[in-house]
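Peer 1: Structure incoming, see below.
The values are calculated or read from the model by the stated rules, or taken from the named source; none is laboratory data. All of these numbers come straight from a predicted model, not from anything done at the bench. Here the Cβ positions follow ideal geometry from the backbone for every residue, glycine too, while neighbour counts run over all protein chains shown. Protein only, heavy atoms only, side chains kept; ligands, DNA and RNA dropped before computing areas. Shrake-Rupley method; radii C 1.70, N 1.55, O 1.52, S 1.80 Å.
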Amino acid sequence: MAPGLVSPQPAVSNEAVRSLEDVTASYDDTLRFYLNGTKVVLDTADPEVTLLEYLRGIGLTGTKLGCAEGGCGACTVVVSQYNPTTKKIYHASVNACLAPLVSVDGKHVITVEGIGNVKRPHPTQERIAKGNGSQCGFCTPGIVMSLYALLRNNESPSEHEVEEAFDGNLCRCTGYRPILDAAQSFSVKTGCGKATANGGGGCCMEKSGGGGGCCKSGGDDGDAQPIKRFTPPGFIEYKPDTELIFPPQLRKHEYKALAFGNKRKKWYRPVTVQQLLEIKSVYPSAKIIGGSTETQIEVKFKAQNYSASVFVGDIAELRQFSFQDDYLEIGGNVVLTDLEDICRKALEHYGEAKGQPFAAILKQIRYFAGRQIRNVGTPAGNLATASPISDLNPVFVASNATLVAKTLNETTEIPMSTFFKGYRSTALPPNGIIASLKIPVAKEKGEFMRAYKQAKRKDDDIAIVNAALRLSLGDDEVVQSVDLVYGGMAPTTIPAKKAMDFLQGKKFTDLQTLEGVMGALEEDFDLRFGVPGGMATYRKTLALGFFYKFYHEVLAELHAEATEVDTQAVGEIERDISSGEKDHKAAEAYEQKILGTEQPHVAAMKQCTGEAQYTDDIPVQKNELYGCLVLSTRAHAKLVNVDPEPALDLPGVAAWVDHTDVATPEANWWGAPACDETFFAINEVFTAGQPIGMILADTAKHAEQAARAVRIEYEDLPAIFTIEEAIEKESFFNHFRHIKKGDTEKAFAEADHVFTGVARMGGQEHFYLETNACVAVPKPEDGEMEIFSSTQNPAETQAYVAKVCGVEANKIVTRVKRMGGGFGGKETRSVQLAGIVACAANKTRRPVRCMLNRDEDILTSGQRHPFLGRWKVAVNKDGKIKALDADVFCNGGWSQDLSGAVVERSLSHIDNCYSIPNIHVRGRVAKTNTVSNTAFRGFGGPQGMFIAESYMEEVADQLQIPVEKLREINLYSPETNMVTHFNQELKDWYVPLMYKQVQESMDYANRRTAIEEYNKTHKWNKRGLAIIPTKFGISFTALFLNQAGALVHIYHDGSILVAHGGTEMGQGLHTKMTMVAAEALGVPLSSVFISETATNTVANSSSTAASASSDLNGYAIFNACQQLNERLAPIRAKLGPDATMKQIAHTAYFDRINLSAQGFYKTPDIGYVWGENTGQMFFYFTQGVAAAEVEIDTLTGDWTCRRADIKMDVGRSINPAIDYGQIEGAFVQGQGLFTTEESLWMRSTGGIFTKGPGAYKIPGFRDIPQVFNVSLLKDVTWENLRTIQRSRGIGEPPLFMGSAVFFAIRDALKAARAQFGETTLLSLQSPATPERIRISCADPILKRAWVEPKEGEKSFFVSI
């Protein structure tokens, strides 16, 4: 459907609508449910509202909006209900952003506010808060509710169940480890109270070796005892019997047929199949909705409008199942969570051999979406949407299942093999429903069935390719029947017909059979290079690889003597329960009363109970309007005409705002340092996602609908996307930097070897869980305005808002309470939204609010810069590197933003930790028609160091020496050289020491030997190992930014209010700053409070960035406290050492002593001059070393990180708990950057494709290292460190260490290539996605599946 159409007319006659009204005339129109224990009766429910919108609308803002597509879990709530399938009460975690309000009738909705508060937290909330499991806190309520749901359904979960409980939740800050540790405190080693692990006398299953059955099935219960659950000291004990009960009235709730709505939309909720069929007979186009997991996305992102929707989740008849002799029948609407249980029961009922189809279903469901989706999604929904990459549909087709379809007049059985007709079209009659599914059991003997799936990420991800493969053999091992069914290889779920025809009647154990099938599969799936969805070679290798695995799994079961079984192709990589260790004694030597101690994040408990307020949680103001951006849909085009009139005619719409509403034409321009970007496009757009205007309306829904109605005519112009295209067309910004030291030409002439290469890495989406948000409140006098913004940069926000509104900065106050993550993405890009919202508020003189959808945020907010480095290295036979020459290019996007500073930092980090006497490096910023790339944790540092580690790896391979050795030989050291290529001396240099310590702690040498042995004996699975050092310069490279201010007030009662220029985005800055103030003033931590960051308390602040905020603001606060201490010294002397701050402040006030102080700090010594290569660039360097071990499956590209060990030098830590959180979070974010996170653009439109969690994959809970050990450097002195408490900045430095996983994958790939005789140099691009891993191998399957582009053929996606 065209996005421009807002209210399409239903494709049914008025008679049909009338008869629908007749059929549903007796239906009730009142919703009744319970919310956190209180009864709710809604007579006038808005039919278009989701559960999330309803909850937030009534003030329960603990439940967050993170993505609106059910992919991040931030909106998780628990819906307790009587389950008609299991006949028990089930507490379902669900995505409130997808759940229609109609779905909660007769149920009990529990939100994060309903289970506890700061004064009386629930144990789940308390343990996550105190266990440092919440940093920015935006994802925390959803994670708390997932854990709560687990415990409500199973009060003694196993470690494995805890580990898998969060597969529908994402977190961008913590690296997951502390959340899992907190959650595991609720687990029991085994679920039996008698088990020795739980203090019992030994479980009967243990005693009888597992064969004697369970005592619980008999009567003997003498030895049983309650399970002992470990409650950590100082924590609330978890008592299941104190939970919110399921309201007794709901047990008696009578489900009535419901009908409610308005002219635009009507909801129907039949409660019997008969009622449903009556509706379908008179109104065939009524949209049937089960879990709404697909429909809500169509409504939200594809502008679909279903005027009549029928919710079928409460029809008990469609949620039954039965075991028949030769098939299992399941109701079409059984939820997938119940289907898991049914399949487990079916395996017990039919036995392993006959139950193979159910084992296949179980395997596919395990990695199907997250638990929240599985709690509402249904097989009928899966079948009816006919997705070509559905995980279950291939199993249904391959098992020869039959679909039972019902209409009002007849029941028909449709074989699954004939059900899918084309892309998203099926054989279901328009007036029919999927009543049930009959899945045949397998034969007792001679039948084999397996299911396979490969995705970008293991958990909660859609398949790239999946398959269900089944065959039946006679006694002579001849194939009698076969089904090879694939998803992801065509527009529908498709059988491999040629391969199936070939197999029929062949002797299976004959190796010629395998060869024949592989050949036939190549013909079945002859994908062209530019195939929709891309990845032609990879998808083809997966199709062949899955069959190869299947063939050898069957052979292994047949115990075929005659044929050599490739046992190593059998099975998949399985993860262990993850674990990790931290050194909690690292700071003992320098602990003070408060500084140096481990303290949880100051707002953690508020975040865990949903009480912490974010920008969009601010209560709605009177007369407030909602803004929705109208964005360009072309990468480069002239704006021929922009017509907002059709939108202004729609209900609720108040105004259209564009460039004519800015105070002056000049005020439309913004950007730092180069002012080269417009708030609103004028005449021309330069990227897809550039703001053209904003629609204002009375609700967010109305604004969204109206924004789609704005008519825009374009005239397309040529566009540039990639760095390579920009180089070819010489499209650069006017910013050129170089660093030159020594004589590179002479070194190249004299060296034993000269090697060249290219390093290429992609960008990275910030994916902070809270998207950009802003509320602008105009005041009645003098053009004043208050801006509440989710920004790292309040001062710049203030400056540009003043410019847009045509007033001086003193009339504008920017306020930031906290952000739900930032990572650099809200340093400059947040200014764009604030400027537009302020312009709208200024025009209407009414408060305006806008929180971007995830897709809008990704379209408008920029990413980490993709980089290309062309390097040339001179090296001698002894491994000493003599010279480096490099051209470095970054993709800046369509405007300059901070790209110049990013490329500068990459040049200063291109040595990483290696002493290279002669260096000449040059940096350019490519100008393209993509989103304007911006600051992101590391800010060019990781890209520069990636180039460094790439040349180290490739040089070592060509010299044929271990890369660990090459790194060690070339590290900066007092024996060789301690001055960088930008002429800065390294002080307190501990990288060589940590390099040694990490190797010792993880037993690196023995691991290397073990991996070599493993790789010799494993053909398809390979392991790899890497160790990576890092140094990261701390300071803004722009000298003027290295300053900070603070304001400290002491009140009468001895309480202290601190304000400083830094913002809190989860990194724990406010926590550290309160600790600095408490230690300096000699008061308990609880006496110090930071309310917010605002431009009227601390003016002219720098953005919170560059890992320097603790250094800068900490010293500014310390400076203010020193002034106060000087003033209070006489009173302290008079009152004695035991006087409290309350007594001191009280006395001081009556002595008329000023109890407020303003502090200031500027970083000394620094001031680098580009070109001259003089002056000090950084105040100091934060250092670290990380090692990682991985395992890859070369048949699929699947991989896992088996272990990571990290050691960081953070100086004297202010708060080790916060620092550990930063290290773990940065490492996992870095691992994502170099592995799973791939940004792709649509070649057809120039728009970004990866604009939400469905397509863009940040690491999940089960992607982190299986063993994850972190420690801080101790037992050394920091003589030259002159920072607050002698601590080092920690936000950005650990991120690059995630590349240890990338280089370990490269190490494993070298072994994989060597296995098949491929010895050419491997140049691996980042990120190392499963696709890149697979196509970097060199096996015969890959070679035969390779797809070459035909002349002029381009790939479907563009990687910029």
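Peer 1: With labels modelled as points extended 7 Å from the Cα through the Cβ direction, what inter-label distance (nm, one decimal) is found for Thr664 paired with Asn1280?
Peer 2: Placing both labels 7 Å beyond Cα along the Cβ direction yields 4.8 nm.
Peer 1: If I take R0 = 41 Å and measure r between the Cβ atoms of Thr385 and Ser1001 in this structure, what FRET efficiency does the formula 1/(1 + (r/R0)^6) give, to the nearest 0.05?
Peer 2: On the way: r = 50 Å, r/R0 = 1.22.
For Thr385 and Ser1001, the calculated efficiency is 0.25.
Peer 1: Quick check: Cα centre of segment 546-603 to Cα centre of segment 655-715, how many Å?
Peer 2: Going from one Cα centre to the other spans 48 Å.
Peer 1: Apply the Karplus curve 6.51 cos²θ - 1.76 cosθ + 1.60, θ = phi - 60°, to the phi angles in segment 741-756 and return the couplings in whole Hz, x for Gly and Pro.
Peer 2: Working through the residues one at a time gives 9, x, 10, 5, 4, 4, 4, 5, 5, 8, 6, 5, 9, 10, 10, 10 Hz.
Peer 1: Thr1037: net charge of surrounding residues, Cβ under 11 Å, Lys/Arg +1, Asp/Glu -1, itself excluded? Could the numbers behind the result be given before it?
Peer 2: Numbers: positive: Arg737, Arg905; negative: Glu904.
Summing Lys/Arg as +1 and Asp/Glu as -1 gives +1.
Peer 1: Any chance you could run the full-extension gain for Glu581 through Phe235? It's 0.36 nm times the residue separation minus the Cα-Cα distance, nm to one decimal.
Peer 2: Details: separation 346, 0.36 × 346 = 124.56 nm, distance 2.06 nm.
So the extension gain works out to 122.5 nm.
Peer 1: Quote the charge dipole size of the chain about the Cα centre in Debye, to the nearest 20; the model charges only the Cβ of Lys and Arg (+1) and of Asp and Glu (-1). Before the final figure, lay out each step's value.
Peer 2: Working: 142 positive and 161 negative charges, 339 e Å.
Roughly 1620 debye, rounded to the nearest 20.
Peer 1: For Lys585, give me every one of the aspartates and glutamates with a C-alpha distance below 13 angstrom, ignoring sequence neighbours fewer than eight places off in its own chain.
Peer 2: Candidates past the 8-residue exclusion: Glu598, Asp1275.
Peer 1: Can you tell me the dipole magnitude for segment 648-752 around its Cα centre, using point charges on the Cβ only (Lys, Arg +1; Asp, Glu -1), in Debye to the nearest 20? Please list the in-between numbers first.
Peer 2: On the way: 8 positive and 20 negative charges, 73 e Å.
Around 340 debye, computed over segment 648-752.
Peer 1: Also, quick follow-up: Students sometimes get this wrong: rank Thr678, Thr660 by accessible area, probe 1.4 Å, all chains present, largest first. Walk me through the numbers before you get to the answer.
Peer 2: Details: Thr678 15, Thr660 100 Å².
Largest to smallest exposure gives the sequence Thr660, Thr678.
Peer 1: Under 10 Å from the Cβ of Glu163, count the other residues' Cβ atoms, weight Lys and Arg +1, Asp and Glu -1, and hand me the total. Write down the numbers at each step before the final one.
Peer 2: Numbers: positive: Arg575, Arg1262; negative: Glu159, Glu161, Glu164, Asp167, Asp576.
That sum, taken over residues with Cβ under 10 Å, equals -3.
Peer 1: What does the accessible area of Phe420 come to, in Å² to the nearest 10, when a probe of 1.4 Å is used?
Peer 2: Solvent-accessible area, nearest 10 Å²: 30 Å².
Peer 1: Here's a follow-up. So for the chain, averaging the separation of alpha carbon pairs under 8 Å that are six or more residues apart and normalising by length, what relative contact order in percent results? Each step should come with its number before you reach the end.
Peer 2: On the way: 3250 pairs, mean separation 154.4, N = 1360.
Worked out over the chain, it gives 11 percent.
Peer 1: Still on this structure: Given points 7 Å out from each Cα along the Cα-Cβ axis, report the Asp1138 to Gln480 separation in nanometres with one decimal.
Peer 2: Result: 9.4 nm between the two label points.
Peer 1: Another question about this same structure. Nearest 5 percent is fine: what portion of the DSSP beta bridges confined to the chain is antiparallel?
Peer 2: On the way: 164 of 203 bridges.
Of the beta bridges lying entirely in the chain, close to 80 percent run antiparallel.
Peer 1: Quick check: from the Cα gyration tensor, does segment 1025-1122 come out rounded (a/c under 1.5), prolate or oblate?
Peer 2: Values: a/c = 2.40, a/b = 1.62, b/c = 1.48.
The shape class here is prolate.
Peer 1: Can you list the lysines whose alpha carbon sits under 20 Å from that of Lys456, skipping same-chain ones fewer than 8 residues off?
Peer 2: Once the sequence-local lysines are set aside, what remains near Lys456 is Lys363, Lys540, Lys549, Lys1022, Lys1251, Lys1257.
Peer 1: Using alpha carbon centroids, what distance separates segment 1203-1250 and segment 60-130, in Å?
Peer 2: 28 Å
Peer 1: Next question, about the same structure. Using each residue's phi in segment 628-639, evaluate 6.51 cos²θ - 1.76 cosθ + 1.60 at θ = phi - 60° and report the 3J(HN,Hα) Karplus result to the nearest Hz, with x for Gly and Pro.
Peer 2: Computed from phi, the couplings for segment 628-639 are 9, 6, 9, 10, 5, 10, 10, 6, 7, 6, 7, 8 Hz.
Peer 1: Given a 1.4 Å probe and every protein chain left where it sits, what share in percent of the accessible area of the chain is carbon and sulfur? Mind showing how you got there, number by number?
Peer 2: Numbers: 24260 of 48290 Å².
Ligands and nucleic acids excluded, carbon and sulfur reach 50 percent.
Peer 1: Can you compute the modelled spin-label distance between Asn810 and Asn876, with each label point 7 Å from Cα toward Cβ, in nm?
Peer 2: About 6.6 nm separates the two model spin labels.
Peer 1: Then there's this: Please work out whether the chain counts as rounded, prolate or oblate from its C-alpha gyration tensor, where a ≥ b ≥ c are the square roots of the eigenvalues and a/c under 1.5 means rounded, while otherwise a/b larger than b/c means prolate and anything else oblate?
Peer 2: Values: a/c = 1.42, a/b = 1.20, b/c = 1.18.
Rounded is the answer for the chain, as its axis ratio a/c remains below 1.5.
Peer 1: A further question on this structure: Can you bin segment 942-1101 into rounded, prolate or oblate? Criterion: square roots of the alpha carbon gyration tensor eigenvalues sorted a ≥ b ≥ c, rounded for a/c under 1.5, prolate for a/b above b/c, oblate for the rest. The partial results should precede the final answer.
Peer 2: On the way: a/c = 2.98, a/b = 2.20, b/c = 1.35.
Prolate.
Peer 1: Using a cut-off of 13 Å between beta-carbons, work out the net charge of the residues near Ala672 (Lys and Arg +1, Asp and Glu -1, Ala672 not included). Kindly include the intermediate steps, with their values, before the conclusion.
Peer 2: Values: positive: Lys803, Arg829; negative: Asp676, Glu677, Glu796, Glu827, Asp897.
Cβ neighbours under 13 Å give a net charge of -3.
Peer 1: Keeping all protein chains in place, calculate the accessible area per residue for segment 1034-1096 (probe 1.4 angstrom), answer in Å². List each step's numbers first, then the result.
Peer 2: Values: 1860 Å² over 63 residues.
On a per-residue basis, 30 Å².
Peer 1: Report the extension gain between Lys622 and Val118 in nm, rounded to one decimal, defined as 0.36 nm multiplied by the number of residues separating them, less their alpha carbon distance.
Peer 2: Details: separation 504, 0.36 × 504 = 181.44 nm, distance 2.92 nm.
This chain segment gains 178.5 nm when fully extended.
Peer 1: Among Lys593/Lys1134; Lys266/Lys421; Lys1031/Lys1207, which pairs are too far apart, with a Cα-Cα distance over 18 Å? Please list the in-between numbers first.
Peer 2: Details: Lys593/Lys1134 24 Å; Lys266/Lys421 30 Å; Lys1031/Lys1207 12 Å.
With Cα atoms farther than 18 Å apart: Lys593/Lys1134; Lys266/Lys421.
Peer 1: Give the long-range amide H neighbours of Ala681: residues separated by 5 or more places, or on another chain, with amide H under 5 Å away, using H modelled in the peptide plane at 1.01 Å from N.
Peer 2: Here the answer is Ile692, since their amide H atoms fall under 5 Å of that of Ala681.
Peer 1: Additional query: Quick one: what are the phi-derived ³J(HN,Hα) couplings along segment 108-116, Karplus 6.51/-1.76/1.60 with θ = phi - 60°, whole Hz, x for glycine and proline?
Peer 2: 10, 8, 10, 10, 4, 5, x, 9, x
Peer 1: Taking a probe of 1.4 Å, how large is the accessible area per residue of segment 472-631, in Å²?
Peer 2: Working: 6820 Å² over 160 residues.
Ligands and nucleic acids excluded, the result is 43 Å² per residue.
Peer 1: Any idea of the accessible area per residue across segment 1236-1354, 1.4 Å probe, to the nearest Å²? Could you put the intermediate results ahead of the total?
Peer 2: Details: 4000 Å² over 119 residues.
Accessible area per residue: 34 Å².
Peer 1: Pull up the DSSP beta bridges for segment 1136-1245 and report the antiparallel fraction as a percent, rounded to 5. Write out the running numbers ahead of the final one.
Peer 2: Working: 12 of 13 bridges.
Of those bridges, close to 90 percent are antiparallel.
Peer 1: Hey, another quick one. Count the DSSP beta bridges whose two residues both fall in segment 1022-1122, then state the antiparallel fraction as a percent rounded to the nearest 5. Intermediate results must be reported in sequence, preceding the final value.
Peer 2: On the way: 5 of 8 bridges.
Beta bridges within segment 1022-1122, antiparallel portion: roughly 60 percent.
Peer 1: I've got another one for you. 5 Å is the cut-off here: which amide hydrogens, built 1.01 Å from N in the peptide plane, fall below it relative to Trp894, excluding neighbours closer than 5 in sequence?
Peer 2: Thr928, Thr930, Ser932, Asn933
Peer 1: Also: What order, most packed first, do the peptides 321-334, 104-117 have when packing is the mean number of other Cβ atoms within 10 Å of each residue?
Peer 2: 104-117, 321-334
Peer 1: Rounded to the nearest 500 deg cm²/dmol, what is the calculated helix-only ellipticity per residue at 222 nm for the chain, with -39500 (n - 2.57) per DSSP H run of length n ≥ 4? Intermediate results must be reported in sequence, preceding the final value.
Peer 2: Numbers: 39 runs with 401 residues, N = 1360.
The per-residue figure over the chain is -8500 deg cm²/dmol.
Peer 1: Structure shown: which of Lys280/Lys354; Lys882/Lys1343; Lys87/Lys406 lie over 28 Å apart, alpha-carbon to alpha-carbon?
Peer 2: Details: Lys280/Lys354 37 Å; Lys882/Lys1343 39 Å; Lys87/Lys406 25 Å.
Flagged as over cut-off: Lys280/Lys354; Lys882/Lys1343.
Peer 1: Tell me, how many Å apart are the Cα centres for segment 746-794 and for segment 1024-1060?
Peer 2: 18 Å
Peer 1: With respect to the cross-link table entries Lys189/Lys1016; Lys302/Lys498; Lys64/Lys300; Lys88/Lys345, which display a Cα-Cα separation exceeding 25 Å? It would help to have the intermediate numbers written out before the result.
Peer 2: On the way: Lys189/Lys1016 35 Å; Lys302/Lys498 37 Å; Lys64/Lys300 17 Å; Lys88/Lys345 16 Å.
Pairs exceeding the cut-off: Lys189/Lys1016; Lys302/Lys498.
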